[in-house]
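Novice: Have a look at this one before I ask anything.
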Amino acid sequence: MTLILVRHGESRGNIQGIITGSLDLDLTDLGREQARLVGQRLADQPVAALYASTRIRASNTAAAIGTHHNLEPTLIEGLDEYRYGEAEGLTWAELAERFPEAIKNWGHGTVPGEEGRTLFRTRVGAAIDQLAERHTDDLAVVACHGGTILHILAHVMQLPAHSAPRTRIGNCSITTIEHANGRTEITLVNDVCHLQD
């Protein structure tokens, strides 16, 4: 089993510096170019299936990858980004002003409508476990989000729900999980060499 996790390309939310979560903001021109480049990078891989979150920034990134494999992405809500509730659409400075307690307790459900990390980890973990079972003998690509990828890694590492690896997940970076000989391993994290000159 090999699952290649790709964070979506740069989105309008990324350049506006806002907390995006479940907001459905599309890719920028740079984001579309990043998606094209990651598609080229994965063009020679034997991709059996292609998945994406339901957010347009992820599904459009997946579609760019799929052009090389004659595949359309299957959308899975379980792969969506963390739901930030009333924090969505705010800048970090606005969040600190409006919900100061959230800065100290980020991810603990202190913002009205916030998902909470325990629910998020359960949702993301269930989605990735289903894909791992479905693709025991082949390779699938999953286009999703930075927070989603971090919590997939934490799920594989069996970290507590409120913990995640402290690593950067760049736009259109590649992270790989493989299972062989009874062992699941993270074999690549945040590879962006295809985006560099």
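Novice: Given the residues Leu37, Leu23, Leu30, Leu71, which is the only one that is more than 17 Å from the chain's Cα centre (by Cα), over 30 Å from His179 (Cα atoms) and among the hydrophobic types (A, V, I, L, M, F, W, C)? Reasoning before the result, please.
Specialist: Working: Leu37 fails: over 30 Å from His179 (Cα atoms); Leu23 fails: more than 17 Å from the chain's Cα centre (by Cα); Leu71 fails: over 30 Å from His179 (Cα atoms).
Of Leu37, Leu23, Leu30, Leu71, the one residue that is more than 17 Å from the chain's Cα centre (by Cα), over 30 Å from His179 (Cα atoms) and among the hydrophobic types (A, V, I, L, M, F, W, C) is Leu30.
Novice: Residues Ser22, Ser11, Ser59: which one is on the phi < 0 side of the Ramachandran plot and open to solvent by less than 10 Å² (accessible area, probe 1.4 Å)?
Specialist: Ser11
Novice: Report the residue count in the stretch 1-21 for those that are in contact with a helix residue (DSSP H, G or I) (Cβ under 9 Å, 6 or more places away or on another chain) and of a type in the set (S, T, N, Q).
Specialist: Final tally of qualifying residues: 3.
Novice: Just wondering, is there one or more residues in the stretch 104-120 that are touching a strand residue (DSSP E or B) at 6+ places or on another chain (Cβ under 9 Å), among the β-branched types (Val, Ile, Thr), buried (at least 17 other Cβ atoms within 10 Å of the Cβ) and more than 24 Å from Gln16 (Cα to Cα)?
Specialist: no
Novice: Which members of the stretch 99-128 meet the condition of being of a type in the set (Val, Ile, Thr) and within 10 Å of Tyr82 (Cβ to Cβ)?
Specialist: If the condition is that a residue be of a type in the set (Val, Ile, Thr) and within 10 Å of Tyr82 (Cβ to Cβ), then Val124 is the only one that fits.
Novice: Something else: Run down Glu77, Glu81, Glu97, Glu101 and say which single residue is surrounded by 14 or more Cβ atoms within 10 Å (Cβ to Cβ) and of a type in the set (D, E, K, R).
Specialist: Of Glu77, Glu81, Glu97, Glu101, the one residue that is surrounded by 14 or more Cβ atoms within 10 Å (Cβ to Cβ) and of a type in the set (D, E, K, R) is Glu81.
Novice: If we keep just the residues of the stretch 78-137 that are among the hydroxyl-bearing types (Ser, Thr, Tyr) and assigned to a loop (DSSP other than H, G, I, E, B), which is nearest to the chain's Cα centre (by Cα)?
Specialist: Tyr82
Novice: What residue, among those in the stretch 37-56 that are in contact (Cβ under 8 Å) with a residue 60 or more places away in the chain and within 14 Å of Ser22 (Cβ to Cβ), is least open to solvent (accessible area, probe 1.4 Å)?
Specialist: If we take residues in the stretch 37-56 being in contact (Cβ under 8 Å) with a residue 60 or more places away in the chain and within 14 Å of Ser22 (Cβ to Cβ), then Ser53 is least open to solvent (accessible area, probe 1.4 Å).
The values are calculated or read from the model by the stated rules, or taken from the named source; none is laboratory data. These numbers were taken from a predicted model, which means no experiment stands behind them. Here the Cβ is made from the backbone with ideal geometry for all residues, glycine too, and neighbour counts use every protein chain on show. Heads up: the accessible areas ignore ligands, DNA and RNA and are worked out on the full protein's heavy atoms, side chains in. Shrake-Rupley method; radii C 1.70, N 1.55, O 1.52, S 1.80 Å.
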